[in-house]
Structures are given as C-alpha cells and as structure tokens.
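The values are calculated or read from the model by the stated rules, or taken from the named source; none is laboratory data. Predicted model only: the values in this text are computed from it and were never measured. So basically every Cβ, Gly included, is an ideal-geometry build from the backbone, and we count neighbours across all protein chains shown. Accessible surface is based on the protein model in full, side chains and every heavy atom, while ligands, DNA and RNA are left aside. Shrake-Rupley method; radii C 1.70, N 1.55, O 1.52, S 1.80 Å.
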Amino acid sequence: MTALAAIEAAPFDADAEAAYLAGKVKTEDPREVIRAALARYGDRFALVSSFGAESAVLLHLAAEVSKDIPILFLDTGKLFGETKRYRDTLIASLGLTNVITLTPEASDLAERDPKGILWSQNLNGCCFIRKVVPLEKALEGYDAWASGRKRFQGGLRAALPHFEAGDNRVKVNPLAYWTKEDIAAYMKAHDLPEHPLVAEGFRSIGCMPCTDRVGEGEEDRAGRWRGQAKTECGIHLSFQENAALASYDSSGL
C-alpha cells in the first residue's frame, strides 16, 4: 500500500502525521522538508504565501521542488498595491503555475465590515473575516500546508519545528531553522527580486492599515500592529481560538 493510500484508508491524525514526518526528515534543507510533505500528501498539500518581504525565498525553494504546488494567497482587500504587483512579478519570474487567490466572503464583509474600517475597531475581528475564514474554507481540501514562518522572528515562532499539528492538519515550516542571514544570502545568491516596500523601510509586510515602517534596532515585525498587543494575524492559531479572540460566534461561518 502506498503512503497516500494508507492515509486515505485511516482517519487523519495530524499529531501522528507531524511526528512521522519529523522522524523521516533529518535535515534542515527546506527543499527536503517540502519534498517530504509533497510525497506524503500529493495534491492535498499547499503552500500559503503573503508575497511579503521574504516570501521570494520560500517560493523559489518550492518551485525547485515543483512549480505546480498550490500556493494560496490571501487578498484581504486591504493589501498594498505593491504587494499584488510583487505577486505578479514572482509568479512570472519563478514560473509558478498554481497560485490561488483567496478573498473574503462578500456576505461577511457586508455584515461585519460594511464601511471597511473594522481594523480600527476590532483588529482580531478584521483578521478573522479577511484572513482566517477565507483560509479555513480553502484548506478544507488539504491535509497539510506550509508557510514561511521562522524561529528568528521571535514570539510564538521561537520554537518552531519543521512539522506541527493544528486544526487536524499538518503545518509545515520549511524555513523554521533558517536565520535572517540565511534568508539574505539566498536572496542574493539567486538574484531574487525584493518586495518594493523593503527599500522604504518595511521589513514585514501585511495589510496597509496595520503595517508600519521599522526603525533602526527594531525587530522585523515591530511594524505590524504597532502599539497593540497583537503579534499574529491569526492564521496560525486554531479556528476556535480566532473566533474567541474576535468575539464572534463561528458556528455560522
């Protein structure tokens, strides 16, 4: 029985799957991490990318494994225009063939953010309807997904493994052990185009209202939700945790 057939024959156990892959991959090479997940889950494995400041590195590594891996891009309706143009640049330069753009449900926006200013009143609520809900719905077709989180980013990311479980899916972190210097060196070695806002002082780039320039000596993510206790958009928390933070009843979403 093949690995894929074995998965289909038994209930999916994300904790067991993450442990299995952790035992199988004995290298810090991101390509091998991606290759292992792709071999294990096939078309039930996707990559989620913000097409932000450091996204080109993971996308380039993934493209070296397969240009056909589904890449989910969350267009929240609040992104910088530069981010969407950068997405188009990377799709063309890396030859990515399966980039899927996700958007918030029009009904959710009409009900919860009709004026488009929810970010100024309920940060978690805004992220919930513009990021968490669209991604959760898109991930219904996948058993595992990868993102560009790294340990050096600190906070909840400081102890990231390559493989972990969340919402009964395997979360894959190919760059978990890479340093900031590794990222910069890879960008230079492969002549990868830089997000245009990096040159303007933005080192971690999310939605326009909640992203600020970073000053000398500040951590890269200091410009995200500046002055707030919030440090994550929520897509790496459980769906129920996000609903609670947003003070929403998630049963109808």
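General remarks:
- If you take the Cα centroid of segment 122-180 and the Cα centroid of segment 100-118, the two points sit 21 Å apart.
- Spacing of the modelled spin labels on K230 and D75, each 7 Å from Cα toward Cβ, amounts to 2.2 nm.
- Mean separation of Cα pairs under 8 Å and 6 or more residues apart, divided by the residue count, gives segment 92-188 a relative contact order of 20 percent.
- For V170, distant residues with modelled amide H under 5 Å away: A144, W145
- Average accessible area per residue (Å²) across the chain - probe 1.4 Å, nucleic acids and ligands excluded: 46 Å²
- Most to least packed among 79-85, 43-49 [average Cβ atoms within 10 Å]: 43-49, 79-85
- Apportionment of accessible area to carbon and sulfur, the chain, percent (1.4 Å): 51 percent
- At the residue level, K230 shows approximately 30 square angstrom of accessible surface with a 1.4 angstrom probe and all protein chains present.
- Note on D13 and L156: their simple-model spin labels are 2.6 nm apart, each label 7 Å out from Cα toward Cβ.
- Equivalent ellipsoid dimensions for segment 157-205 as semi-axes, Å, which come from the Cα gyration tensor, largest first: 26, 14, 10
- DSSP bridge pairs, the chain: antiparallel proportion in percent, nearest 5: 35 percent
- Segment 14-104 shape via C-alpha gyration tensor axes, a/c threshold 1.5: prolate
- The chain: calculated mean residue ellipticity at 222 nm from DSSP helix runs of at least 4, using -39500 (n - 2.57): -10000 deg cm²/dmol
- Accessible surface ranking for S50, S66, 1.4 angstrom probe, highest first: S50, S66.
- Stokes-Einstein diffusion of segment 115-232 at 20 °C, 1.002 mPa s viscosity, Kirkwood radius from Cα pairs, rounded to a whole number: 132 µm²/s.
- The chain, relative contact order [Cα under 8 Å, separation at least 6], %: 23 percent
- Segment 52-149, relative contact order in percent, only Cα pairs under 8 angstrom and at least six apart counted: 29 percent
- Answer label for Rg and Dmax of the Cα atoms in Å (calculated), chosen among (1) 17.8, 55; (2) 22.1, 71; (3) 16.9, 52: (1)
- Solvent-accessible surface (1.4 angstrom probe) belonging to Y186, in square angstrom, nearest 10: 20 Å²
- Kirkwood estimate for segment 85-157, i.e. one over the average of 1/r between Cα atoms, Å: 14.9 Å
- For W225, the solvent-accessible surface with a 1.4 Å probe is about 10 Å², rounded to the nearest 10.
- Counting 0.36 nm for each residue step from A22 to D212 and taking away their Cα separation leaves a gain of 64.8 nm.
- E105-T179 pseudo-label distance in nm [points 7 Å out on the Cα-to-Cβ vector]: 4.6 nm
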